[in-house]
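Data block below; observations after.
The values are calculated or read from the model by the stated rules, or taken from the named source; none is laboratory data. Computed from a predicted model, the values in this text were never measured in an experiment. Neighbour counts are summed over all protein chains in view; Cβ atoms, including those assigned to glycine, are modelled from backbone coordinates with ideal geometry.
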Amino acid sequence: MKQTWRWFGPQDRVSIDDIRQAGAAGVVSALHHVATGAVWTPEAIATRQAEIAVMRDGSPSTLDWAVVESLPVSEDIKRQTGAWRDHVAAWRASLRNLSAAGIGTICYNFMPVLDWTRTDLAWRLASGATCMRFDLTDFAAFDLHILARPAAVADYDEALREAAGRRLAGMSAAARDRLARNVVYGLPGAAEHFTLDDVRAHLAAYSGIDADRLRANLIDFLGAVVPLAEDLGVRLCCHPDDPPVPLLGLPRVMSTEADYATILRAVDSPANGITLCSGSLGARPDNDLPGMMERLGDRVHFLHLRNVKRETAALRGSFHEAGHLEGDTDMVALIGAALREEARRRAEGRADWSIPMRPDHGQDILDDLTRQAQPGYPAIGRLKGLAELRGIITALSHKGAAENATARG
Ligand code: DNO
């Protein structure tokens, strides 16, 4: 597994030097400053590669730009409205430019309007560390009372609606504003920063689009970009919905194993692949992550290793981001399945046998609490996650691993 690390560019408070010292071998990055729908030019791509290649003192970092996350897909493409054909042409041009620069793994998502969504970006744990959390009651309070979406009433049962009303009543104006900001005003990696009215306008623009329509539009999009990716030898990998349930009345179509299977079958090419994000998918109890790695592994082109603790047994419920080896996903089993997939690919002679992974998110610990990097992307919390994951990879890959397992019986 190639151990990679997400970097938001020169303004990221976690530096290339930090990434090198964390022991990562590659960088995951995006041109967040380029507007969605515009072409990523060879010059802009080369500039980012040059930024990744050097440390603060000018010496080589030995790191490369291994994965793009994300090449954004415009709302017009998702809805097939307005300039969507131009945006698809631009996406294809960006693919060509990235491939010419030697970058062969491209992550994107197909979530309407909102990318990943949390209600709290710094939830305090008993240890004093903080983490990100999704609280369904807070989210319902936002939806019903702050955004005041008319159709929201139908999305929550009476008990939840009452709890949300009580929750809102207990919030100060500042707390309400913070909740709204956390949910919609733009999260790391999101190119757009929204106001509440922007969100209302976006929701209205999706009024005629249900899950079937959105899925059909995704398949059309893939039909237009996958053949080119295949020719170029580029691997596309769709990131799952986070959280993997519909939000704000918007459809979501990449939330479950069945969703993935449908899309992989519809455009059946090795270039049409998956970002298996254990944190996003793990927020639903019916997603079996090690099993998904076993069954869909052939098309897993990128791994996000992260863990969540579900706070209820419901399909749609509250959760928080746990330590990488804590939470509800069996991380050892998931890594074991990924290593078996790599071995299988190697035996087949596949050039892409090594799957890039990154420690996804991290809790804020130690100096993270004052460094104020991008929410979810602290230096030390991620370094701890990577170190723990690396320990498991090393142990499971060790030549003695099989004998140890046998000896244990
Ligand atoms: C959050 C990330 C997402 C992800 C995009 C990929 O931390 O996992 O923002 O980058 O959904 O397109």
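Quick check on residue 358: is it more than 25 Å from residue 129 (Cβ to Cβ) and modelled with pLDDT of 95 or more? When the stated conditions are applied, residue 358 does not pass them. Only one of the numbered conditions (1) out of contact with any helix residue (DSSP H, G or I) (no Cβ under 6 Å at 6 or more places or on another chain); (2) more than 30 Å from residue 30 (Cα to Cα) is not met by residue 102, and that is (2).
Being within 16 Å of the ligand (Cβ to nearest atom) and closer than 30 Å to residue 53 by Cβ is the filter here, so list the residues in the range 103-152 that pass it. Passing the criteria: 103, 105, 106, 107, 108, 109, 115, 116. Scanning the range 256-292 for residues that are free of Cβ contacts under 8 Å to residues at least 40 places away in the same chain, part of a helix (DSSP H, G or I), more than 16 Å from the ligand (Cβ to nearest atom) and buried (at least 16 other Cβ atoms within 10 Å of the Cβ) returns 257, 264, 292. Screening residue 62 on (1) surrounded by 14 or more Cβ atoms within 10 Å (Cβ to Cβ); (2) at pLDDT 95 or above; (3) assigned to a loop (DSSP other than H, G, I, E, B) shows it passes everything except condition (1). Take the range 242-255 and flag every residue that is more than 13 Å from the ligand (Cβ to nearest atom) and either in a loop (DSSP other than H, G, I, E, B) or closer than 22 Å to residue 338 by Cβ (or both). Selection gives 245, 246, 248, 249, 251, 253. Only one of the numbered conditions (1) under 18 Å from residue 246 (Cα atoms); (2) modelled with pLDDT of 95 or more; (3) not acidic (Asp, Glu) is violated by residue 172, and that is (1).
In the range 63-84, the residues that are within 17 Å of residue 209 (Cβ to Cβ) reach residues that are small (Gly, Ala, Ser) and more than 16 Å from the ligand (Cβ to nearest atom) with C-beta atoms within less than 6 angstrom, at least six apart or across chains, in these pairs: 76/82; 76/83.
Every condition in (1) within 16 Å of the ligand (Cβ to nearest atom); (2) farther than 22 Å from residue 395 by Cβ holds for residue 324 except the one numbered (2).
Of the residues 282, 291, 336, 297, the single one that is of a type in the set (Gly, Ala, Ser) and within 18 Å of residue 133 (Cα to Cα) is 282.
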